[in-house]
Amino acid sequence: MSLKIIFFDAKPYDESSFNNVNLKFGFELSYFKEHLSINNVMLTKGMDVACIFVNAVVDKQVINQLVANGVKLIALRCAGFNNVDLNAAKDRIKVVRVPAYSPYAVAEHTLALMLTLNRKIHKAYNRTREGNFALNGLMGFDMHGKTAGIIGTGKIAKILIKTLRSMGMKVLAFDVYPDFEFAKQNEIEYTTLDNLYKNSDIISLHCPLNKDTEYIINENAIAKMKDGVMIINTGRGKLIKTSALIQGLKSKKIGAAGLDVYEEESAYFFEDRSNRVMDDDVLARLLSFNNVIVTSHQAFFTKEALENIALTTMQNIQDFNDNKVLVNEVSI
Ligand code: NAI
(Lines give C-alpha, C1' and ligand atoms only; values in the text may rest on other atoms or scores of the structure.)
Protein backbone atom coordinates (compact mmCIF):
# COMPACT_ATOMS: atom_id res chain seq x y z
CA MET A 1 0.00 0.00 0.00
CA SER A 2 1.34 3.42 -0.87
CA LEU A 3 2.10 5.93 1.87
CA LYS A 4 -0.49 8.62 2.60
CA ILE A 5 1.01 12.08 2.88
CA ILE A 6 -0.88 15.20 3.94
CA PHE A 7 0.65 18.54 3.00
CA PHE A 8 -0.07 21.58 5.14
CA ASP A 9 0.45 25.15 3.95
CA ALA A 10 0.07 23.85 0.41
CA LYS A 11 0.10 26.48 -2.32
CA PRO A 12 -0.56 25.89 -6.03
CA TYR A 13 3.19 25.94 -6.72
CA ASP A 14 3.74 23.24 -4.06
CA GLU A 15 1.05 21.02 -5.56
CA SER A 16 2.53 21.45 -8.99
CA SER A 17 6.12 20.59 -8.00
CA PHE A 18 5.15 17.69 -5.69
CA ASN A 19 2.65 16.16 -8.14
CA ASN A 20 5.35 16.27 -10.76
CA VAL A 21 8.00 14.58 -8.59
CA ASN A 22 5.42 12.08 -7.30
CA LEU A 23 5.17 10.55 -10.77
CA LYS A 24 8.39 8.81 -9.76
CA PHE A 25 7.30 7.84 -6.21
CA GLY A 26 3.57 7.09 -6.48
CA PHE A 27 2.56 8.17 -2.96
CA GLU A 28 -1.01 9.17 -2.11
CA LEU A 29 -0.94 12.96 -1.66
CA SER A 30 -3.51 15.30 -0.19
CA TYR A 31 -3.13 19.03 0.16
CA PHE A 32 -4.43 21.38 2.80
CA LYS A 33 -3.86 25.11 2.66
CA GLU A 34 -3.57 26.09 6.36
CA HIS A 35 -0.50 25.70 8.61
CA LEU A 36 -0.51 22.60 10.75
CA SER A 37 -1.69 23.56 14.24
CA ILE A 38 -3.69 22.11 17.12
CA ASN A 39 -6.86 23.36 15.37
CA ASN A 40 -6.47 21.17 12.31
CA VAL A 41 -4.23 18.31 13.44
CA MET A 42 -7.33 16.04 13.35
CA LEU A 43 -6.91 16.03 9.56
CA THR A 44 -3.87 13.80 9.96
CA LYS A 45 -5.95 10.83 11.14
CA GLY A 46 -5.11 7.82 8.98
CA MET A 47 -2.13 9.59 7.38
CA ASP A 48 1.41 8.22 7.47
CA VAL A 49 3.32 11.45 6.92
CA ALA A 50 2.62 15.13 7.68
CA CYS A 51 4.56 17.40 5.33
CA ILE A 52 4.91 20.90 6.77
CA PHE A 53 6.54 24.24 6.06
CA VAL A 54 8.21 27.06 8.01
CA ASN A 55 5.22 28.47 9.88
CA ALA A 56 3.59 25.29 11.15
CA VAL A 57 3.32 25.17 14.94
CA VAL A 58 4.50 21.72 15.96
CA ASP A 59 4.58 21.91 19.72
CA LYS A 60 4.17 19.10 22.25
CA GLN A 61 0.37 19.16 22.01
CA VAL A 62 0.43 18.83 18.22
CA ILE A 63 3.03 16.06 18.37
CA ASN A 64 0.93 14.12 20.91
CA GLN A 65 -2.01 14.34 18.54
CA LEU A 66 0.05 13.38 15.47
CA VAL A 67 1.30 10.29 17.29
CA ALA A 68 -2.23 9.42 18.46
CA ASN A 69 -3.46 9.77 14.87
CA GLY A 70 -0.89 7.28 13.65
CA VAL A 71 1.43 9.70 11.84
CA LYS A 72 4.92 8.25 11.79
CA LEU A 73 6.95 10.97 10.11
CA ILE A 74 7.05 14.75 10.06
CA ALA A 75 8.61 15.83 6.76
CA LEU A 76 9.70 19.46 6.80
CA ARG A 77 9.98 20.83 3.29
CA CYS A 78 12.40 23.52 4.46
CA ALA A 79 15.81 23.79 6.12
CA GLY A 80 14.94 25.46 9.45
CA PHE A 81 13.29 23.26 12.10
CA ASN A 82 12.93 25.77 14.94
CA ASN A 83 9.13 25.34 14.80
CA VAL A 84 9.20 21.66 15.83
CA ASP A 85 9.50 20.59 19.48
CA LEU A 86 12.22 17.97 19.05
CA ASN A 87 12.08 17.01 22.73
CA ALA A 88 8.45 16.03 22.34
CA ALA A 89 9.20 14.17 19.10
CA LYS A 90 12.14 12.19 20.50
CA ASP A 91 11.66 8.41 20.17
CA ARG A 92 7.99 8.89 19.20
CA ILE A 93 7.92 10.35 15.71
CA LYS A 94 10.72 10.92 13.22
CA VAL A 95 11.47 14.35 11.80
CA VAL A 96 13.23 14.96 8.48
CA ARG A 97 14.04 18.17 6.62
CA VAL A 98 15.61 19.50 3.44
CA PRO A 99 18.93 20.88 4.65
CA ALA A 100 19.95 22.46 1.35
CA TYR A 101 17.86 22.99 -1.74
CA SER A 102 19.32 26.10 -3.23
CA PRO A 103 21.63 28.16 -1.09
CA TYR A 104 22.09 30.22 -4.27
CA ALA A 105 18.42 31.27 -4.18
CA VAL A 106 18.73 32.72 -0.67
CA ALA A 107 22.16 34.28 -1.22
CA GLU A 108 20.97 35.95 -4.43
CA HIS A 109 17.83 37.32 -2.76
CA THR A 110 19.97 38.68 0.07
CA LEU A 111 22.11 40.49 -2.47
CA ALA A 112 18.98 41.79 -4.22
CA LEU A 113 17.79 43.34 -0.94
CA MET A 114 21.18 44.97 -0.34
CA LEU A 115 21.42 46.42 -3.83
CA THR A 116 17.80 47.57 -3.92
CA LEU A 117 18.07 49.37 -0.59
CA ASN A 118 21.43 50.91 -1.35
CA ARG A 119 20.53 52.20 -4.84
CA LYS A 120 16.88 52.83 -3.92
CA ILE A 121 15.55 50.87 -6.86
CA HIS A 122 12.19 50.49 -5.07
CA LYS A 123 11.77 54.27 -5.06
CA ALA A 124 13.11 54.77 -8.58
CA TYR A 125 10.66 52.17 -9.91
CA ASN A 126 7.70 54.08 -8.55
CA ARG A 127 9.07 57.49 -9.49
CA THR A 128 9.71 56.84 -13.16
CA ARG A 129 6.29 55.23 -13.56
CA GLU A 130 4.82 58.51 -12.28
CA GLY A 131 6.91 60.52 -14.74
CA ASN A 132 9.29 61.71 -12.00
CA PHE A 133 12.86 61.44 -13.25
CA ALA A 134 14.52 63.45 -10.45
CA LEU A 135 17.48 61.92 -8.61
CA ASN A 136 17.06 63.71 -5.27
CA GLY A 137 16.98 61.20 -2.45
CA LEU A 138 18.22 58.29 -4.55
CA MET A 139 21.94 58.55 -3.78
CA GLY A 140 23.59 55.29 -2.75
CA PHE A 141 27.16 54.34 -1.88
CA ASP A 142 29.80 52.25 -3.63
CA MET A 143 29.71 48.85 -2.00
CA HIS A 144 33.26 48.36 -3.24
CA GLY A 145 35.59 49.03 -0.32
CA LYS A 146 32.81 48.91 2.30
CA THR A 147 32.56 46.24 5.00
CA ALA A 148 29.90 43.55 5.25
CA GLY A 149 29.37 41.83 8.60
CA ILE A 150 28.08 38.29 8.17
CA ILE A 151 26.64 36.42 11.15
CA GLY A 152 26.63 32.66 10.52
CA THR A 153 28.88 31.43 7.72
CA GLY A 154 27.18 28.27 6.49
CA LYS A 155 26.10 27.26 3.01
CA ILE A 156 24.10 30.41 2.17
CA ALA A 157 26.52 32.89 3.70
CA LYS A 158 29.51 31.36 1.91
CA ILE A 159 27.91 31.97 -1.49
CA LEU A 160 26.97 35.49 -0.48
CA ILE A 161 30.46 36.18 0.87
CA LYS A 162 32.11 35.10 -2.40
CA THR A 163 29.82 37.46 -4.33
CA LEU A 164 30.46 40.37 -1.97
CA ARG A 165 34.20 39.74 -2.16
CA SER A 166 34.03 39.76 -5.95
CA MET A 167 32.44 43.21 -5.67
CA GLY A 168 35.42 44.43 -3.65
CA MET A 169 33.76 44.40 -0.23
CA LYS A 170 35.64 43.54 2.93
CA VAL A 171 33.97 40.86 5.02
CA LEU A 172 33.96 40.46 8.80
CA ALA A 173 32.34 37.24 9.93
CA PHE A 174 31.10 35.66 13.13
CA ASP A 175 30.25 32.00 13.58
CA VAL A 176 30.32 29.67 16.59
CA TYR A 177 32.11 27.19 14.31
CA PRO A 178 34.39 29.36 12.16
CA ASP A 179 35.71 27.89 8.90
CA PHE A 180 39.26 29.24 8.92
CA GLU A 181 40.18 27.50 5.67
CA PHE A 182 37.30 29.28 3.89
CA ALA A 183 38.35 32.54 5.55
CA LYS A 184 41.89 32.16 4.29
CA GLN A 185 40.83 31.27 0.75
CA ASN A 186 38.40 34.18 0.51
CA GLU A 187 40.41 36.70 2.51
CA ILE A 188 37.79 37.37 5.13
CA GLU A 189 38.24 37.81 8.84
CA TYR A 190 36.45 36.03 11.67
CA THR A 191 35.97 38.40 14.56
CA THR A 192 33.88 39.02 17.66
CA LEU A 193 30.27 40.15 17.35
CA ASP A 194 31.19 43.49 18.98
CA ASN A 195 33.90 44.15 16.42
CA LEU A 196 31.60 43.10 13.58
CA TYR A 197 28.89 45.50 14.83
CA LYS A 198 31.37 48.34 15.24
CA ASN A 199 32.92 48.11 11.77
CA SER A 200 30.26 46.86 9.35
CA ASP A 201 28.39 49.04 6.87
CA ILE A 202 25.99 46.21 6.05
CA ILE A 203 25.09 43.39 8.47
CA SER A 204 23.46 40.22 7.15
CA LEU A 205 22.07 37.35 9.25
CA HIS A 206 22.61 33.73 8.18
CA CYS A 207 22.65 31.73 11.42
CA PRO A 208 19.83 29.42 12.50
CA LEU A 209 17.26 30.52 15.06
CA ASN A 210 17.92 28.86 18.40
CA LYS A 211 18.09 29.87 22.05
CA ASP A 212 21.51 31.50 21.53
CA THR A 213 20.51 33.52 18.48
CA GLU A 214 16.98 34.59 19.40
CA TYR A 215 16.98 38.42 19.38
CA ILE A 216 20.72 38.47 18.63
CA ILE A 217 19.93 41.85 17.09
CA ASN A 218 18.47 43.78 20.01
CA GLU A 219 18.89 47.29 21.52
CA ASN A 220 22.38 46.47 22.84
CA ALA A 221 23.64 45.11 19.55
CA ILE A 222 22.18 48.02 17.58
CA ALA A 223 23.79 50.55 19.93
CA LYS A 224 27.20 49.10 19.01
CA MET A 225 26.66 49.44 15.25
CA LYS A 226 27.84 52.15 12.87
CA ASP A 227 25.44 55.04 12.34
CA GLY A 228 23.44 54.43 9.19
CA VAL A 229 24.12 50.67 9.10
CA MET A 230 22.05 48.51 6.75
CA ILE A 231 20.62 45.32 8.30
CA ILE A 232 19.49 42.40 6.17
CA ASN A 233 17.63 39.39 7.55
CA THR A 234 16.92 36.41 5.33
CA GLY A 235 17.46 34.01 8.25
CA ARG A 236 14.54 33.84 10.67
CA GLY A 237 12.31 36.63 12.01
CA LYS A 238 13.13 36.15 15.68
CA LEU A 239 16.83 36.82 15.10
CA ILE A 240 15.79 40.47 15.32
CA LYS A 241 13.85 42.12 18.09
CA THR A 242 11.54 44.12 15.86
CA SER A 243 10.76 46.80 18.43
CA ALA A 244 14.50 47.55 18.73
CA LEU A 245 14.83 47.64 14.94
CA ILE A 246 11.97 50.13 14.67
CA GLN A 247 13.54 52.29 17.37
CA GLY A 248 16.85 52.18 15.49
CA LEU A 249 15.15 53.17 12.24
CA LYS A 250 13.29 56.02 13.91
CA SER A 251 16.47 57.38 15.52
CA LYS A 252 18.31 57.02 12.13
CA LYS A 253 20.90 54.76 13.76
CA ILE A 254 19.80 52.18 11.22
CA GLY A 255 19.96 53.51 7.67
CA ALA A 256 18.03 50.72 5.96
CA ALA A 257 16.60 47.28 6.62
CA GLY A 258 15.83 44.42 4.24
CA LEU A 259 13.63 41.78 5.82
CA ASP A 260 12.60 38.55 4.17
CA VAL A 261 11.45 37.21 7.51
CA TYR A 262 9.59 38.79 10.42
CA GLU A 263 9.06 37.49 13.93
CA GLU A 264 5.26 37.46 13.64
CA GLU A 265 5.17 36.52 9.97
CA SER A 266 2.89 33.50 10.21
CA ALA A 267 -0.37 35.49 10.13
CA TYR A 268 0.57 37.31 6.93
CA PHE A 269 3.43 35.80 4.97
CA PHE A 270 2.63 33.56 2.00
CA GLU A 271 -0.99 34.83 1.94
CA ASP A 272 -2.83 37.52 0.03
CA ARG A 273 -4.13 39.77 2.80
CA SER A 274 -4.63 42.79 0.55
CA ASN A 275 -8.38 42.91 1.07
CA ARG A 276 -8.14 43.17 4.85
CA VAL A 277 -7.17 45.97 7.21
CA MET A 278 -3.76 45.17 8.67
CA ASP A 279 -4.13 44.46 12.37
CA ASP A 280 -0.42 43.98 13.07
CA ASP A 281 0.70 47.49 14.09
CA VAL A 282 4.36 46.50 14.18
CA LEU A 283 4.35 45.15 10.64
CA ALA A 284 2.36 48.22 9.54
CA ARG A 285 5.02 50.47 11.12
CA LEU A 286 7.82 48.55 9.39
CA LEU A 287 6.07 48.91 6.05
CA SER A 288 5.71 52.66 6.57
CA PHE A 289 9.49 53.28 6.43
CA ASN A 290 10.75 54.20 2.97
CA ASN A 291 14.13 52.66 3.83
CA VAL A 292 12.70 49.25 4.72
CA ILE A 293 11.90 46.50 2.25
CA VAL A 294 9.84 43.56 3.44
CA THR A 295 9.59 40.49 1.25
CA SER A 296 7.36 37.63 2.20
CA HIS A 297 9.84 34.84 3.05
CA GLN A 298 10.53 34.48 -0.64
CA ALA A 299 14.32 34.16 -0.61
CA PHE A 300 14.08 30.41 -1.26
CA PHE A 301 11.53 30.82 -4.03
CA THR A 302 13.18 29.80 -7.29
CA LYS A 303 12.24 27.13 -9.78
CA GLU A 304 15.36 25.13 -8.99
CA ALA A 305 14.79 25.34 -5.23
CA LEU A 306 11.19 24.11 -5.49
CA GLU A 307 12.27 21.15 -7.62
CA ASN A 308 15.01 20.25 -5.15
CA ILE A 309 12.66 20.64 -2.16
CA ALA A 310 10.11 18.27 -3.71
CA LEU A 311 12.71 15.72 -4.71
CA THR A 312 14.54 15.66 -1.37
CA THR A 313 11.30 15.59 0.64
CA MET A 314 9.96 12.63 -1.33
CA GLN A 315 13.31 10.83 -1.11
CA ASN A 316 13.33 11.38 2.68
CA ILE A 317 9.87 9.81 2.85
CA GLN A 318 10.86 6.92 0.57
CA ASP A 319 13.95 6.23 2.72
CA PHE A 320 11.75 6.20 5.81
CA ASN A 321 9.37 3.75 4.14
CA ASP A 322 12.29 1.53 3.12
CA ASN A 323 13.74 1.61 6.66
CA LYS A 324 16.92 3.16 5.34
CA VAL A 325 19.18 5.49 7.32
CA LEU A 326 17.55 8.93 7.31
CA VAL A 327 20.36 11.18 6.17
CA ASN A 328 18.25 14.29 6.69
CA GLU A 329 16.81 13.39 10.08
CA VAL A 330 16.73 16.06 12.75
CA SER A 331 16.86 14.90 16.33
CA ILE A 332 18.33 15.83 19.66
P1 NAI B 1 23.92 26.26 7.58
O2 NAI B 1 23.54 25.26 8.61
O3 NAI B 1 24.71 25.82 6.39
O4 NAI B 1 24.73 27.46 8.28
C5 NAI B 1 24.38 28.02 9.50
C6 NAI B 1 25.65 28.57 10.14
O7 NAI B 1 25.27 29.29 11.32
C8 NAI B 1 26.64 27.47 10.55
O9 NAI B 1 27.93 27.77 10.05
C10 NAI B 1 26.60 27.50 12.07
O11 NAI B 1 27.84 27.17 12.67
C12 NAI B 1 26.26 28.96 12.32
N13 NAI B 1 25.74 29.22 13.65
C14 NAI B 1 25.03 28.39 14.46
N15 NAI B 1 24.78 28.99 15.62
C16 NAI B 1 25.33 30.22 15.55
C17 NAI B 1 25.42 31.32 16.45
N18 NAI B 1 24.90 31.24 17.70
N19 NAI B 1 26.07 32.43 16.05
C20 NAI B 1 26.62 32.47 14.81
N21 NAI B 1 26.59 31.48 13.93
C22 NAI B 1 25.95 30.38 14.29
O23 NAI B 1 22.56 26.97 7.15
P24 NAI B 1 22.21 27.70 5.79
O25 NAI B 1 21.69 26.72 4.81
O26 NAI B 1 23.31 28.61 5.39
O27 NAI B 1 20.93 28.56 6.28
C28 NAI B 1 21.05 29.56 7.27
C29 NAI B 1 19.65 29.93 7.75
O30 NAI B 1 18.95 30.57 6.70
C31 NAI B 1 18.76 28.73 8.13
O32 NAI B 1 18.96 28.35 9.49
C33 NAI B 1 17.37 29.25 7.92
O34 NAI B 1 16.86 29.76 9.14
C35 NAI B 1 17.56 30.42 6.93
N36 NAI B 1 16.91 30.14 5.64
C37 NAI B 1 16.04 31.08 5.14
C38 NAI B 1 15.41 30.89 3.92
C39 NAI B 1 14.51 31.93 3.33
O40 NAI B 1 13.78 31.62 2.37
N41 NAI B 1 14.49 33.15 3.83
C42 NAI B 1 15.62 29.66 3.18
C43 NAI B 1 16.60 28.76 3.74
C44 NAI B 1 17.20 29.00 4.95
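For every residue, the table says whether it meets (1) among the aromatic types (Phe, Trp, Tyr); (2) more than 16 Å from LYS170 (Cα to Cα); (3) surrounded by fewer than 17 Cβ atoms within 10 Å (Cβ to Cβ).
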site: ILE188; (1), (2), (3): no, no, no
site: ASP194; (1), (2), (3): no, yes, yes
site: SER200; (1), (2), (3): no, no, no
site: ASN218; (1), (2), (3): no, yes, yes
site: ALA221; (1), (2), (3): no, yes, no
site: VAL229; (1), (2), (3): no, no, no
site: THR234; (1), (2), (3): no, yes, no
site: LYS238; (1), (2), (3): no, yes, no
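Might you let me know whether the range 261-273 holds any residue that is away from the ligand (no atom under 16 Å from the Cβ) and buried (at least 16 other Cβ atoms within 10 Å of the Cβ)? No: the range 261-273 contains no residue that is away from the ligand (no atom under 16 Å from the Cβ) and buried (at least 16 other Cβ atoms within 10 Å of the Cβ). Out of all the residues in the range 50-75, which are open to solvent by less than 10 Å² (accessible area, probe 1.4 Å), part of a loop (DSSP other than H, G, I, E, B) and away from the ligand (no atom under 16 Å from the Cβ)? Once the filter is applied, which keeps residues that are open to solvent by less than 10 Å² (accessible area, probe 1.4 Å), part of a loop (DSSP other than H, G, I, E, B) and away from the ligand (no atom under 16 Å from the Cβ), the range 50-75 yields only VAL71. For the range 112-143, the candidate set comprises residues that are in contact with a Ser or Thr (Cβ under 9 Å, 6 or more places away or on another chain) and surrounded by 20 or more Cβ atoms within 10 Å (Cβ to Cβ); within that set, the residue that is nearest to ILE52 (Cα to Cα) is LEU113. Within the range 276-306, the set of residues being within 15 Å of the ligand (Cβ to nearest atom) and either open to solvent by 70 Å² or more (accessible area, probe 1.4 Å) or touching a strand residue (DSSP E or B) at 6+ places or on another chain (Cβ under 8 Å) (or both) comprises ILE293, VAL294, THR295, GLN298, PHE301, LYS303, GLU304. Only helices (runs of 4 or more DSSP H) whose full extent lies in the range 76-180 are considered here, and the ones with at least 3 residues that are among the β-branched types (Val, Ile, Thr) and either more than 12 Å from the ligand (Cβ to nearest atom) or touching a helix residue (DSSP H, G or I) at 6+ places or on another chain (Cβ under 9 Å) (or both) are 103-119, 155-166. When the range 204-214 is examined, which residues are found to be open to solvent by less than 70 Å² (accessible area, probe 1.4 Å), modelled with pLDDT of 95 or more and either away from the ligand (no atom under 14 Å from the Cβ) or not polar (S, T, N, Q) (or both)? Matches in the range 204-214: LEU205, HIS206, CYS207. Any residue that is open to solvent by less than 30 Å² (accessible area, probe 1.4 Å), touching a Pro at 6+ places or on another chain (Cβ under 9 Å) and farther than 28 Å from ASN290 by Cα - is there at least one of those in the range 165-173? No, that holds for no residue. Yes or no: the range 4-14 includes at least one residue that is out of contact with any Phe, Trp or Tyr (no Cβ under 9 Å at 6 or more places or on another chain), at negative phi and surrounded by 17 or more Cβ atoms within 10 Å (Cβ to Cβ). Checked against the condition, which is being out of contact with any Phe, Trp or Tyr (no Cβ under 9 Å at 6 or more places or on another chain), at negative phi and surrounded by 17 or more Cβ atoms within 10 Å (Cβ to Cβ), the range 4-14 yields no hits at all.
The values are calculated or read from the model by the stated rules, or taken from the named source; none is laboratory data. Computed from a predicted model, the values in this text were never measured in an experiment. Ideal geometry is used to build each Cβ from the backbone, glycine not excepted, and the neighbour counts take in all protein chains shown. These area figures cover heavy atoms from the full protein model, side chains too; ligands, DNA and RNA do not enter into them. Shrake-Rupley method; radii C 1.70, N 1.55, O 1.52, S 1.80 Å.
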